[in-house]
Amino acid sequence: MAHQVVHTDANDPQNITNPEHAEHRLITPLQYSLVYVALLIFTGATVGAAYVDLGWANPVIALGIATIKGVLVILFFMHVVFQSRLIKMTIAAGFFIFFVLITMTLSDYVSRSWGLW
Amino acid sequence: MDNAITSTGMTTDPTLYPPYTPAVHEEHEHAVLPQHRHHFETEEQQREAGSFGMWLFLLTEIMFFGGMFFAYLLYRNWYYEAFVVASNQLSVPLGAVNTAILITSGFCMALGVWAAEVRQKGLLVVMLLLTTFFGFIFLGVKADEYHEKYEKHHIPGASFSTAMFVNPAAYGLKEDPLSPDMAQKTQIFFFLYFAMTGMHALHMIIGIGILAWLTLRAHRGDFTSGYVAPIENFGLYWHFVDIVWIFLFPLLYLINRHPLK
Amino acid sequence: MSTAIGNTIVSLPDQSTARLPKRNYINNEHGLLSWLLTGDHKRIAILYLISITFFFFIGGAFAGLIRLELLTPQPDLVSSDTYNKFFSMHGIIMIFLFLVPSVPATLGNFLIPIMLGAKDLAFPKINLLSWYLYVIGGLFTLTALVLGGVDTGWTFTTPLSTHYLNTHVITTAMGIFVAGFASIFTGLNFIVTIHRMRCPGMTWFRMPLFVWSHYAASLLMVLGTPVLAIALVLVALERTFGIGVFDPTKGGDPLLFQHLFWFYSHPAVYIMILPGMGVISEVISTFSRKRVFGYTAVAFSSVAIALFGFFVWEHHMFIMGVSNYSALVFSLLTMLVAVPSAIKIFNWAFTLQKGSITFETPMLYAFGFMGLFTIGGLTGVFLGSLGMDIHLTETYFIVAHFHFVMVGGMLMAFLAGIHFWWPKMTGRMYPESLSKLAAVTTFIGFNLTFMPQFILGYLGMPRRYHSYPPEFQVLNVLSTAGATVLGVGYMLPLLYLGWSLKYGAIAGNNPWQATGLEWQIQSPPLTENFVETPIMDHEAYDYEWLANKTKHEVTTVG
Ligand code: HEM
Ligand SMILES: [Cu+2]
């Protein structure tokens, strides 16, 4: 999480230019609509895939599609594509700690009874 | 850079000004809007601080739901059979429709933010109303699903019944019966189902409350004269709630339909 | 040390002419409401200071009762149930209502905007909301206390808390849940402020280390506290509806609660120490007249502590039934977290080296901190080693360990900071000799109280029991005697700081000749902190800059 410490001494010792500043740009309704349609298509796809027996691939596909949908929402509906690096790093930090919670806790459960997982 | 600091004409050479001279600060040289809080140098700074703060708040939400996601992961692995049959009691069509409804609500919210940005008051109000409307439909479908669980005695607690899982044939289900011991574990599935969707619904109810207030203010024209932050930040919250559902839907409804034998 | 400097650096204005500034944040507005509805970070800091002091003395009263009971081996003062309530209320109040907000919500609130050259925190209203949430959380806890208390220990361990106790678990859990959001909002406000509100020239590596350590602590507050919140919600649901997630008879795993609880509560111990470390950096630098040695290393070690802090929580669960393999991994990771703490201690020691050290009260507390935190941290490493831990866990050794870090560390740092910034917050000095006496008393009392507990624990006296084998009595009597001395040490500041509000010497802008931006403005500061946005044109802890500036002022004024 040691983020944002990449400071700007070299070319901007006074920190006048806010290094975390982002352009303010708008996403057009057309772009929103495209994302919306994509989200609906993915929803349809994940429901469809759930009715086919693909063995171990079923959960993988379902969660993979969910991740894509989540990323689409974050990037476009939540404007993260046009956000500053700070915001992007913040989100990454959040998911990283979430990941730590899951994996480190799992390390106990998985190794409590080897092979039963 | 529309940062007020640059307007003081400072150069980047620190030796050029005497130690600790306060900047010749042109107090508010650009047009000041009433919502501008004076402890921020510029409105840009205020706006960015606002959305950064909102994102940090959403991180806490991720971690809050994270605890339950982990519990789900753990117990699904421990009590796989129970989770499979219990999960099959959820209606995929209802879940799918609800997903679409929520995405639509989020889409309207996104358009609402756009309307505020381009200062179209009427459109903004309509979009906020549509967002609320789809939010209500989602909650309605959810309530219907909860009601069905109630009728089947699938609400964890004293009246919870495992009959359907111990003796599926009697209920016209094709699934293999579970041992009474494993059938008990379906209660954990249903608890997590209610905890996660309930917490999600609670977030939506709070969101709808805020939406009502925002709609009133939008109607007054508060957000269509350049002051978009409340709409934008509420949008972040609303989309985050969407994302939680986007993951809850496959986890609870979809991934258990074809059990590995 | 040259006699020219003398043995103090305190420089006060001429008392016969000095006055408090006519306009300042304290007299800017009048009436109770102007305080209760304020958005001023300085006033909110004062509100927090008053409320945490209140809870500190309640928590302290319980500590006194515990030590009184332990004076004799027999359970004679109270029943075991009551004793359980004593230590639970003591721990809950001290941790959630005192230590977690102690330095950040008071000193941090007061100083961070000023140190960054800003007019206020980014979200003043959320700052006020944070205080109200804290008060509501406190009221819930007091309600639980008045209704009969809670006896789960501060850890709420399941299934004890969910199935075997009939005390006010839910009320208390609610209190902590709400107070947790107070802490989240404080952290959130700090992070945004530090990123967004720095004045021109204030680069990341010109910020005082106090700000760095608060930044790290804020990350922990924002990312850790919600996990505690969900764990407590699940406990409440388990108690009310019997939902089964933590109930082994229904297939739940009680250890899941502990994982979630300690995922927060280990980082929380760093929430409780990092801000204190920030105070120590400022104090050590000021009273040795030197830039903190290895500034960058100290700054990064704060962030490293915050990051590593998320990877070690299972060391609180080694004997609880976690897998041996993961215990091994967590044991190794625990060793890692001691490294950045050690970096700080070494860097402070090098700062002292060849510095012009003076022994004002804050510095005495800072010395106390360095010694006691080192002992506390090193015994933490003992406890992190699997084999040792199995012997020492759930004994008084643990109690001694965490009191060394939390009381010897954080409380000392808190008092160091309160004394250090008291002139800035109130405009007046505290009485010097009395406060030195208090600092020494605290140090002696502390060691007398908690050193014997290391030995007791090593000899096998378990924690959380109200009777013990008679052969442990001598050490317990020592400990209780020490607690009495310690109590006096804590009462003293309350009295003389109160006294100083009216009778203390006028402090002037910069009694310590310190370099931070907060010392360049009037004491007490204006509501808006700075008349004009300052420009940071020098590094942190630049004493030459300060000397030049003072010379400049003298020539122009004189
Ligand atoms: C310097 C590195 C540190 C290490 C390696 C460390 C290690 C440990 C370990 C292994 C335990 C668990 C012992 C057991 O339950 O068997 C423990 C307990 C504890 N530590 Fe530390 N610790 C450190 C610093 C701190 C700090 C800075 C604080 C607080 C400011 C703290 C507060 C606590 C508390 C409150 C407990 C006891 C929790 C309980 O069971 O009630 N520790 N420590
Ligand atoms: Cu720990």
Distance in nm between C:ASP542 and C:ALA342 label points, each 7 Å along Cα→Cβ, equals 3.5
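Suppose we take every Cα in region B:36-125 and form the convex hull; what volume per residue is that in Å³? Write out the running numbers ahead of the final one.
Working: hull volume 11.2 nm³, N = 90.
Per-residue hull volume (Cα only) is 124 Å³.
Is any helix in chain C, taking whole DSSP H runs, at least 24 angstrom long along its axis by alpha carbon and on average at least -0.5 on the Kyte-Doolittle scale, and which ones? Display every interim value, and only then the final one.
On the way: long enough: C:41-69 (42 Å, 1.31); C:124-147 (35 Å, 1.38); C:169-196 (40 Å, 1.48); C:209-241 (47 Å, 1.64); C:254-288 (51 Å, 1.03); C:324-352 (43 Å, 1.37); C:361-384 (34 Å, 1.39); C:432-459 (41 Å, 0.97); C:473-503 (45 Å, 0.99).
Span-like helices here: C:41-69, C:124-147, C:169-196, C:209-241, C:254-288, C:324-352, C:361-384, C:432-459, C:473-503.
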The answer for C:ARG428, listing residues at least 5 apart or on another chain whose modeled amide H is closer than 5 Å to its amide H, is C:ALA507
The protein assembly as shown: Kirkwood hydrodynamic radius (Cα pairs, Å) comes out at 29.7
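Local charge sum around B:HIS200 (other residues, Cβ-Cβ under 14 Å, Lys/Arg +1, Asp/Glu -1)?
On the way: positive: B:LYS142; negative: B:GLU61, B:GLU145, B:ASP242.
Once all neighbours under 14 Å are counted, the net charge is -2.
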In this structure, the FRET efficiency calculated for B:LEU216 and C:ALA481 from their beta-carbon separation, with R0 = 56 Å, to the nearest 0.05, is 0.30
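List the chymotrypsin sites (Phe, Trp or Tyr not before Pro) within region B:183-261 that DSSP assigns to loop and that have no more than 11 neighbouring Cβ atoms inside 10 Å. Write down the numbers at each step before the final one.
Details: sites: B:PHE189, B:PHE190, B:PHE191, B:TYR193, B:PHE194, B:TRP213, B:PHE223, B:TYR227, B:PHE234, B:TYR237, B:TRP238, B:PHE240, B:TRP245, B:PHE247, B:TYR253; in loops: B:PHE223, B:TYR227.
Qualifying residues, ordered by number: none.
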Placing each pseudo-label 7 Å from Cα in the direction of the beta carbon, A:TRP56 and B:SER161 end up separated by a distance in nanometres of 3.9
Averaged over the residues of C:190-197, the number of partner chain Cβ atoms within 10 Å of each residue's own Cβ comes to 6
Taking a label point 7 Å from the Cα of C:TYR132 along Cα-to-Cβ, the residues of region C:9-33 whose backbone nitrogen sits under 16 Å from it are C:33
Env charge @ C:VAL245, Cβ radius under 15 Å, K,R +1 / D,E -1, value +1
The aspartates and glutamates whose Cα lies under 13 Å from the Cα of C:LYS502, excluding any fewer than 8 residues away in the same chain, are none
Note, region B:244-258: 3J(HN,Hα) by Karplus (6.51, -1.76, 1.60, θ = phi - 60°), whole Hz, Gly/Pro = x, goes 4, 5, 4, 8, 5, 4, x, 4, 8, 9, 9, 6, 9, 7, 10
Rounded to the nearest 0.05, FRET efficiency between B:HIS147 and C:LEU378 (Cβ-Cβ, R0 60 Å) equals 0.50
The percentage of the accessible area of region C:32-551 (probe 1.4 Å, all protein chains present) made up of carbon and sulfur atoms, to the nearest whole number, is 73
Checking rank on C:498-508, C:439-449, with mean other Cβ inside 10 Å and highest first, the result is C:439-449, C:498-508
Once Lys and Arg are counted +1 and Asp and Glu -1 for all other residues with Cβ under 12 Å from that of B:GLY106, the total becomes 0
Excluding residues fewer than 8 positions from C:LYS354 in its own chain, the lysines with Cα under 25 Å of it are C:LYS290, C:LYS344, C:LYS436, C:LYS549, C:LYS551
Longest principal axis of chain B (C-alpha) makes with the long axis of helix B:92-117 (C-alpha) an angle, in degrees to the nearest 10, of 10
Rounded to the nearest 10, the angle in degrees between the Cα long axis of helix B:43-78 and the longest principal axis of the Cα atoms of chain B comes to 20
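Given contacts defined as C-alpha pairs under 8 Å and at least six residues apart, what's the relative contact order of chain B, whole-number percent? Intermediate results must be reported in sequence, preceding the final value.
Details: 232 pairs, mean separation 72.7, N = 261.
This gives 28 percent for chain B.
Restricting attention to region C:281-312, which trypsin sites (Lys or Arg not before Pro) occupy a DSSP loop and are surrounded by at most 11 other Cβ atoms within 10 Å? Show your work: numbers first, answer last.
Values: sites: C:ARG289, C:LYS290, C:ARG291; in loops: C:ARG289, C:LYS290, C:ARG291.
Loop-located and lightly packed - none at all.
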C:GLU553 and C:LEU71 label points (each 7 Å along its Cα→Cβ direction) are spaced in nm at 5.2
In degrees, nearest 10, the alpha-carbon axis of helix B:186-220 is tilted away from the dominant principal axis of the alpha carbons of chain B by 30
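Is the shape of region C:283-421 rounded, prolate or oblate, going by the alpha carbon gyration tensor and its root eigenvalues a ≥ b ≥ c, with a/c under 1.5 for rounded and a/b larger than b/c for prolate? Before the final figure, lay out the partial values.
Working: a/c = 2.93, a/b = 1.90, b/c = 1.54.
Prolate shape, in that a/c is at least 1.5 and a/b is the bigger ratio.
Considering Cα pairs under 8 angstrom that are at least six residues apart, work out the relative contact order of chain C and quote it in whole percent. Mind dumping the intermediate values first?
Numbers: 929 pairs, mean separation 113.1, N = 558.
It rounds to 20 percent for chain C.
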Mean other chain Cβ within 10 Å across A:47-56 is 4
1/(1 + (r/R0)^6) with r = Cβ-Cβ of C:ASN28 and C:VAL531, R0 = 22 Å, i.e. FRET efficiency to nearest 0.05, evaluates to 0.95
In chain B, lysine pairs 8 or more places apart or on different chains with C-alpha atoms under 26 Å apart total 10
Per-residue average of other protein chain Cβ atoms inside 10 Å, peptide B:43-52 -> 6
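The values are calculated or read from the model by the stated rules, or taken from the named source; none is laboratory data. For clarity, every value in this text was computed on a predicted model and none was experimentally measured. Virtual Cβ from ideal backbone geometry, glycine too; neighbours counted across all protein chains shown. Side chains included, ligands, DNA and RNA excluded: accessible areas come from the protein's heavy atoms. Shrake-Rupley method; radii C 1.70, N 1.55, O 1.52, S 1.80 Å.
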